[in-house]
Each structure stands twice: as structure tokens, then as C-alpha cells.
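The values are calculated or read from the model by the stated rules, or taken from the named source; none is laboratory data. Small disclaimer: the values here were computed from a predicted structure and weren't measured. For neighbour counting, all protein chains shown are included, and Cβ atoms are generated from backbone atoms with ideal geometry for every residue, glycine included.
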Amino acid sequence: MAKAIKALLFDKDGTLFDFQATWGVWCAGFISEMSAGDSVMASALAKAMDYDLENSTFLPSSVMIANSMDGIMDAVHSALPHWDREALTQYVIETGSRAPQTPVVDLGPLLARFRANDLKIGLATNDNEAPARAHLTSVDILQHFDFVSGCDSGFGAKPEPGMLLSFADAMGLQPPQVAMVGDSTHDLRAGRAAGMVNIAVLTGPAVADELAPFADVVLRDIGEIPEWLGLD
């Protein structure tokens, strides 16, 4: 199976970047700024986002983990109804685009190795496309990607397979020649729906037992992919 793979399609948050280290920090700052010292407001925001204020971490049920921007904004706006939703959405996108990213491994050499082995590389995220490109640029890896899609790019959002099938089509490949790499069941359900190979990684909130039923292999992180593929 691994030998037949010609392309890797990555999720972003929890797969390329450590979810808690990146978005946990952003969320703490966002809640602090938006609540402006109002503990009731801070608690309401934390509850809406399923964020544990005491431990500065997301709960496994958090809407922030795998949902599209629309789903996230449903939750955030419910705690901030006095905000204009469109203005609030733009603020979340703008601040999120600047969130410092924490890569799970040294991404540049790893992606370069994939390319040296003639693998096509894509990104399919439920984040919006502009922030996704900003995050890749911030750690100097955008140039390694042949395809970048967000939930607003016109192909739908995971767990629907639209982004995945669009990547395969753009690369001139059949779905079984592509591996979907992700940390959530949203990623892997999309991979199954698209007919792709599924590589699960444990750098997001989900544990192995959650991911294994939908995965062809469960790896610690994306740094283990070259060995699994048998790359030079």
C-alpha cells in the first residue's frame, strides 16, 4: 500500500502544528482580551469554546478542534452576541492568522525529503485558506505545497471529501494513490469517503483508540511517515 502512494495531503492543526501549543495559547489570549477582566464573560467564552481556563487547554469536545470557521463562529458569537458577527469573524481570522505556530517536527527538511522522492504535497484544512497560507508562510514551508485548500476555497469542509478529491484531481492522481494525513476523525472520515489511504497521527487531541478504526496506520507524528513509506 505504502509503495503505491504518490501524494500526501496534510491536515494543518494537530498534524503539521501542535494544536494545544498553538491554539491553546491563542485562545487564552483571545478570551483574556475579549472579556477585559470580566470573569463571567471569560467563563462564558471558555464554555462556548470548550476551553479549560484553569489548565489552558481545549477539552476533547471543543468546537475549535475540527470544525469549519462557520461552526467555530456559531460558538464564539453565542458568547459575544453584542458583536457584529461578520466583524467578529474577521477579528478571529486576523488574530488567528498571526498566532505563532509550533511545528510538531522540523517541517522544512521533512517536506523537502518528500519532494525529493517525487511525492506531491497538499494541505486540506477546516481553517480558512488565507490564515492557512499565512501559517505555512510563517514557518517558511509554503513553497513545498502544490495545493492549499481551506473550508472557504469552494470545495467544502471535512469530513466531506471535496477538498481531498480536488487535490487528487489537480495532481492527476487517483484517490488510492493519495494518503490523507490527519489527527482527527474528521480528517479520516474524509479520507475514507474519498477512497484514500489514511495516516493518523497522535499530535492532536484525539487518542489512538479513537483514530484506529478509521486509519490504515497510526503514527506518533508525521516524522514517522518516511520510514512507513520506505523512502530513501
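Data table
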{"item": "Subset tally (residues that are surrounded by 23 or more Cβ atoms within 10 Å (Cβ to Cβ) and either touching a helix residue (DSSP H, G or I) at 6+ places or on another chain (Cβ under 6 Å) or outside the structural domain of Leu164 (by TED's automatic domain parsing) (or both)) for the stretch 202-214", "result": "1"}
{"item": "Counted residues, the stretch 114-135 - those being out of contact with any Lys or Arg (no Cβ under 8 Å at 6 or more places or on another chain), aliphatic (A, V, I, L, M) and at pLDDT 95 or above", "result": "1"}
{"item": "Subset tally (residues that are touching a strand residue (DSSP E or B) at 6+ places or on another chain (Cβ under 8 Å) and either under 19 Å from Gly150 (Cα atoms) or assigned to a helix (DSSP H, G or I) (or both)) for the stretch 104-120", "result": "4"}
{"item": "Residue satisfying all of: in the stretch 12-55; touching a Leu at 6+ places or on another chain (Cβ under 8 Å), closer than 18 Å to Gly71 by Cα and charged (D, E, K, R); modelled with the lowest pLDDT among these", "result": "Asp50"}
{"item": "Matching entry among Ala75, Ala116 (being of a type outside the set (S, T, N, Q), more than 18 Å from Gly14 (Cα to Cα), in contact (Cβ under 8 Å) with a residue 12 or more places away in the chain and assigned by TED's automatic domain parsing to the domain that holds Gly223)", "result": "Ala116"}
{"item": "Condition met for Glu210 (part of a helix (DSSP H, G or I), over 14 Å from Met1 (Cα atoms) and either free of Cβ contacts under 8 Å to residues at least 60 places away in the same chain or over 15 Å from the mean Cα position of the chain (by Cα) (or both))", "result": "yes"}
{"item": "Residue that is part of a loop (DSSP other than H, G, I, E, B) and farther than 28 Å from Ala179 by Cα, where the choices are Trp26, Trp83", "result": "Trp83"}
{"item": "Selection count, the stretch 148-162, where residues are more than 14 Å from Gly195 (Cβ to Cβ) and not in a loop (DSSP other than H, G, I, E, B)", "result": "2"}
{"item": "Some residue of the stretch 29-41 being closer than 20 Å to Gly204 by Cα, more than 14 Å from the chain's Cα centre (by Cα) and not in a helix (DSSP H, G or I)", "result": "no"}
{"item": "Residues being touching a helix residue (DSSP H, G or I) at 6+ places or on another chain (Cβ under 8 Å) and either in a helix (DSSP H, G or I) or surrounded by fewer than 19 Cβ atoms within 10 Å (Cβ to Cβ) (or both) - total across the stretch 165-189", "result": "9"}
{"item": "Scan of the stretch 121-170 for residues that are under 20 Å from Ile65 (Cβ atoms) and basic (Lys, Arg), ordered by number", "result": "Lys158"}
{"item": "Residues located in the stretch 130-149, provided they are hydrophobic (A, V, I, L, M, F, W, C) and in contact (Cβ under 8 Å) with a residue 12 or more places away in the chain", "result": "Ala130, Ala132, Ala134, Leu136, Val139, Ile141, Phe145, Phe147, Val148"}
{"item": "Residues being charged (D, E, K, R) and farther than 14 Å from Ala99 by Cβ - total across the stretch 9-68", "result": "6"}
